[in-house]
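Quick notes on the structure that follows.
What follows is calculated from the coordinates using simple rules that are stated; it is not laboratory data. All of these numbers come straight from a predicted model, not from anything done at the bench. In this analysis, Cβ positions are derived from the backbone assuming ideal geometry, glycine residues included, and neighbour counts consider all displayed protein chains.
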Amino acid sequence: MSQPPARMQSPILIEKTMSSVVIEWIPQSFDSTYIVLKAEGTLGEFKAIAQTQGVRASIKELVKGTTYMFQVYEVNPCSSGTAEPSPELVVDLKEPPPPLQIRTSSIKCNFLLEYD
């Protein structure tokens with residue numbers, strides 16, 4: 001019997017809105033199932049939220065202003081056991097702060113607006 005699958009790399013953030021994310025990962029093998037785990041906050045408990053044979057997951061109904069962590073692990077029927085979950089991907093759904101300082105220059109017909 002073979003060993004459990006190797007630990008995966010951390011998932012990658014592909015798309016983010018204030019209520020959803022799309023994550024993707026590098027497959028370990030072609031005949032595996034992947035379990036997606038989610039935790040609220042940076043100390044939350046991970047819970048399985050999706051199972052897929054693909055390499056992408058769309059996670060919806062997230063709460064604006066919340067930080068989430070995601071992990072993925074592989075389940076391969078040809079291996080003994082399951083792999084250790086990937087390192088965490090941390091996604092912050094907080095809105096960016098407003099600009100701190102706005103400067104204008106050459107205001108005529110065309111203008112340039114700069115901010116930090």
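Pairs of alpha carbons in region 34-77 separated by more than 13 Å make up 55% of all such pairs.
Given the Cα-Cα distance of residue 101 and residue 55 and 0.36 nm per residue of separation, how much length would full extension add, in nm?
Numbers: separation 46, 0.36 × 46 = 16.56 nm, distance 4.18 nm.
Full-extension gain reported as 12.4 nm.
For residue 20, the amide hydrogen comes within under 5 Å of the amide hydrogens of 62, counting only partners 5 or more places away or on other chains and with H modelled in the peptide plane. Per-residue Karplus couplings for region 54-70, computed as 6.51 cos²θ - 1.76 cosθ + 1.60 with θ equal to phi - 60°, are listed in order as x, 10, 8, 9, 9, 10, 10, 6, 8, 9, 4, x, 9, 9, 10, 10, 10 Hz, Gly and Pro entered as x.
Rank these for me by crowding, 10, 86, going from fewest to most other beta carbons within 10 Å.
Values: 10 17, 86 22.
The order, fewest Cβ neighbours first, is 10, 86.
For residue 16, the lysines whose Cα falls under 24 Å of its own Cα, not counting residues fewer than eight places away in the same chain, are 38, 47, 60, 64, 94.
Give, in nm to one decimal, the length gained when the segment between residue 12 and residue 43 is fully stretched (0.36 nm per residue of separation minus the Cα-Cα distance). Don't skip to the end; give the middle numbers.
Numbers: separation 31, 0.36 × 31 = 11.16 nm, distance 2.01 nm.
Result: 9.2 nm gained on full extension.
3J(HN,Hα) couplings calculated from phi for region 17-23 with the Karplus curve 6.51 cos²θ - 1.76 cosθ + 1.60 (θ = phi - 60°) are, in sequence order, 10, 6, 9, 7, 9, 10, 10 Hz; Gly and Pro show x.
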